[in-house]
Amino acid sequence: MFKNLKKGLSTLLLSCLLVSNLFTLQVNGQQKNVTPKPTVTAKKVTLKNTPAKPANKQPVQNPNQAKNVIIFLGDGMGVSHTTLARLYKGSNLYMDEIATGLVKTYCYNSIITDSAPAATAMATGYKSNDGYISVYPSEINYPSLQSVNEKDAYKPLATVLEAAKLKNKATGIVSTSQVSHASPAGFTAHVPNRNQYFEIAKQQVYQNLNVVFGGGKKYLLPGEKGRQDGLNLIDELKKMNYQFVEDTKSMKSANGEKIWGIFADDAMSHDIDRDPEKEPSLAEMTRKAIELLSKDKDGFFLFVEGSEIDWASHANDPKGVISDVLAYDEAIKVALDFAKKDKNTLIIAAADHDNGGLSIGNKKTDSTYTTLKANTLLDPLKKATLTGVGVESKLNPERDNIVEVMRDYYGITDLTAEEIEAIKKAPAGKLNYVIGPMLSSRSVIGWTTNGHTGSDTVLYAYGPGKPSGVIDNTDIAKIAAKAMGISLNDVNADLFVELEEGLTYLPNAEAELDVTDMANPVLIITKGKIVAELPISTNIIKINGKVKYLNGLTILAKNERIYLPIQALDIIFEAK
C-alpha cells in the first residue's frame, strides 16, 4: 500500500528539494542563472544484495550512455603541474590524448574552492559551502545567486556513486589519501565538516561499496588516537563478508565481490616514497578495482583520486608534484586501456582546483626565458630521489645529518648556513614546506601561494557521452548520471526523505532519537507493536530485533533534521 503513495511523496519531496540549485545557460550571448524545475517521476530502484526485488535490466541502446563510469580526480593539479610532469618524463602524458576542455571550479562562498565543496559538486551536481561534504549549503555568497531555503540547509545530497548503486552497478573508490579524506568522502558520505573523518569512515563502511582501496586504518579502529565511539569497523566489515587486505600482495590476490584494502594507518606515501611491498601504486589499485568491479554484469562506477598532488603543491615541493602527477597518469592509462577495449566505459578526469600557483619560470628568468634550456629546469629535479616528506624520514632525531641527507636524497650539495638552520627548526611533518622551495629555487620553478588558486582546470574525457568545452564542476556528476541513465532528482527522493515528512505516511507512527549512547545515536520509529531502530550514519534497520540492510544511509543533519531512505518507510509500513 505504501508503495502506491510513493509517487505522491516523491512529488512533494522533489518540489522542495534543493530549490536553490542553479545552472548557467547562454541566452543571446549572455550567461543567465536559471532555477531548473525538478523531475517528479520517482522510479522504484533497488540495491543488489538487499531483499528488495531487482530492477529490470535493459541493454544499453543510446550511444551516449555507458555501462561503466570512471571519474578521476587529480587533486590540486593545474596546467603547469602536467606541463612540468611532461617535461620531466620527456614524452607526452597518457592523459594528453583525451583532453577535451576546461572545468570551472568556484564554490558558493568563494571564487577559490577547497576540496570538500569541489568534490561535492563533482559527486552530486550541486555546489556547496567550504568544508561541506555532499550536503546542501547553508549560505550562498556568490553574486546573483538566490539565498538558501532554511529548511534545505545541510540536507544530504545524493551522489552519483549512490545513484549507481541504485542502478544495481558495482561501486568502488580508490585514493592515495585516507579514504575518509575530502574527495573520496564527497562521493560516499554526508557531513557538514570535512574533518569528521571518523563519522565519514563509518558512513563509508555502511555504504555497501564493493571495492575500497587507500589509507586510513586508524579511522576504522577504537583507540587513543582512533575511534572514540568504541566501534571496530574492521570487525563490522568482516561481519558483512568483506575481505580486508593490508599490503600489495594481498590486494593483488584478492578475489571476491566485496573488498577493503587499507595500506596505511593514515594517508599513503607519495609514489616515489612508498614501499611497493606494503603500498600498491595508484595504477595497481586502479587495475585491481577495475578487474573486480567489471565482473558485475550491470556495470560499475569507480572514483579514483591522485590525492597528494595537492599536498606537494601546498608545500611547494616540485618533486612531490612530479611523482604523483606521473603516478596519476599511469592510473589513467590503466583505465584508458580498459575503456578502449571495453568500448562501453565513460572516463571523466579533472582536477578539483589548482594549487600553489606553480609556474615554469620565475624571477630568475625575467630576462633569460627566451633562451631557457630544459636541463636548467630538470637537472636539479632529477637529482632528488625522494619528496620532501620522504627526506624527513631520513633525518635522525638530532637532525645532525642534514648535509648528508639533503645531498643523498634531495640532490642539494650547496646548502647555506641559513638553509641548514631552517631545516633544523622545521616542525615535524612540515619539512617539505621548508625544503620544497629550496629545490624550486635551484631550478626555475615559481610559486605564488601555499594555498589553492581559482583558475579553471583541464577536462579529460573518453567514451560514450564524453563532455567537451568549458563546463562547470557540477556538470561532471550530471554527465556521469546521464551516461548511466540515472536521474539524480529521483535518487535524492529515494534516499533522503525528511523524517517529519515521512511520518505523515506512517499512520499512528512516532519517532525519537535515542542518545543513550551519545556517540552512536539511534532513530527509533514506533508504529503500534512495530519498533524500528535505525542507527545514524548506517544502512541498518532493525525491525523488532531483526536486522535488514537498506539501500541508503540514515543521516542526522547539523540542524538536527533526520533523513532516511524511502525504502525504510516501505519496510516499516509493511511490517507486521
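Ranking Gln243, Ala493, Ser359 by Cα position along the charge dipole of the chain, where only Lys, Arg, Asp and Glu carry charges on their C-beta atoms, puts Ala493 farthest toward the positive end. The stretch 248-298 and the stretch 465-544 have Cα centres lying 30 Å from one another. For the chain, the relative contact order works out to 21 percent when only alpha carbon pairs closer than 8 Å and six or more residues apart are counted. Sorted on the mean count of surrounding Cβ atoms within 10 Å across their residues, most packed first, peptides 297-307, 79-89 read 297-307, 79-89. Rounded to the nearest 500, the helix-only mean residue ellipticity at 222 nm of the chain stands at -9500 deg cm²/dmol, with each DSSP H run of n ≥ 4 adding -39,500 (n - 2.57). Working ranking of peptides 155-167, 405-417 by packing, defined as the average number of other Cβ atoms within 10 Å per residue, highest first, is 155-167, 405-417. So for the stretch 413-527, taking the charge dipole from beta-carbon charges (+1 Lys/Arg, -1 Asp/Glu), which of Ile435, Ala480, Gly469 sits furthest toward the positive end? Farthest along the dipole direction, towards plus: Ile435.
Charge tally for Ile234 (other residues, Cβ to Cβ under 13 Å; Lys, Arg +1; Asp, Glu -1): +2. Placing +1 on the Cβ of every Lys and Arg and -1 on the Cβ of every Asp and Glu, with nothing else charged, gives the stretch 384-447 a dipole about its Cα centre of roughly 200 debye. For the stretch 496-574, the fraction of 1.4 Å probe accessible surface lying on carbon and sulfur atoms is 50 percent.
Solvent-accessible area of the stretch 281-332 (1.4 angstrom probe, protein heavy atoms only): carbon and sulfur portion equals 53 percent. Counting only protein chain heavy atoms and rolling a 1.4 Å probe, the accessible areas of Ile348, Ile111 rank, largest first, as Ile111, Ile348.
Within the assembled protein chains, the solvent-accessible surface assigned to Asp96 is about 40 Å², based on a 1.4 Å probe. Counting only Cβ charges, +1 for Lys and Arg and -1 for Asp and Glu, the dipole size of the stretch 57-200 around its Cα centre is about 540 debye. Quick one, which of (1) 35; (2) 47; (3) 28 is the actual percent of Cα pairs over 39 Å apart calculated for this model? Matching the structure shown: (3). Within the straight-line cut-off of under 27 Å between alpha carbons, the lysines reachable from Lys430 are Lys217, Lys218, Lys225, Lys278, Lys319, Lys363, Lys364, Lys382, Lys383, Lys394, sequence neighbours fewer than 8 places apart in one chain being disregarded. Between the stretch 184-210 and the stretch 386-422, the alpha-carbon centres lie 38 Å apart. Normalised per residue, the accessible area of the chain is 41 Å², obtained with a 1.4 Å probe and no contribution from ligands, DNA or RNA. Each of Ala422, Val444, Asn396 was scored by the projection of its Cα onto the charge dipole of the stretch 384-447, and the greatest displacement toward the positive side belongs to Val444; charges sit on the C-beta of Lys, Arg, Asp and Glu.
The magnitude of the dipole of the chain, with charges of +1 and -1 set on the Cβ of Lys/Arg and Asp/Glu and taken from the Cα centre, is near 2160 debye.
List, in the order given, every pair from Lys67/Lys482; Lys155/Lys529; Lys165/Lys333; Lys258/Lys466 whose Cα-Cα distance in the structure shown is over 19 Å. Result: Lys155/Lys529; Lys165/Lys333; Lys258/Lys466 exceed 19 Å. Compute the helix-to-body angle for 431-442: its Cα long axis versus the longest principal axis of the chain, expressed 0 to 90° and rounded to tens. That helix lies at roughly 50 degrees to the long axis.
The values are calculated or read from the model by the stated rules, or taken from the named source; none is laboratory data. Everything quoted here is computed from the prediction, not taken from an experiment. As a convention, Cβ positions derive from the backbone with ideal geometry for all residues, glycine included, and neighbour counts pool all protein chains shown. Heavy atoms of the whole protein, side chains included, go into the accessibility calculation; ligands, DNA and RNA do not. Shrake-Rupley method; radii C 1.70, N 1.55, O 1.52, S 1.80 Å.
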